[in-house]
């Protein structure tokens, strides 16, 4: 919570894990799977396609730029808008 305390946020959406109640203010805390299942779905998709986002893996990027490019490529692929032209000339 220390890292995010200065970020203006209207609400926090979490699942029903009890520990969240200890550090998220009750007036900003919304506990519901309706608010979390979409992002969890995207997280699973990213872990599936990008090894660097698997849990407990040795494959990781040390450069933020490589992570950003990997995510952009994945999103582009998933949106069926692959604009990368591969040339062997």
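The values are calculated or read from the model by the stated rules, or taken from the named source; none is laboratory data. Fair warning: this is a prediction, and the values are worked out from it, not measured in the lab. Positions of Cβ are generated from backbone atoms using ideal geometry, with glycine treated the same way; all protein chains shown enter the neighbour counts.
A count restricted to segment 1-37 and to residues that are part of a helix (DSSP H, G or I) and either in contact with a helix residue (DSSP H, G or I) (Cβ under 7 Å, 6 or more places away or on another chain) or surrounded by 10 or more Cβ atoms within 10 Å (Cβ to Cβ) (or both) stands at 7. Filtered by the rule that a residue be within 17 Å of the chain's Cα centre (by Cα) and at pLDDT 80 or above, segment 2-33 gives 12, 13, 14, 15, 33.
Condition first: assigned to a helix (DSSP H, G or I) and at pLDDT below 80. Now tell me which residues in segment 40-76 satisfy that. Scanning segment 40-76 gives 51, 52, 53.
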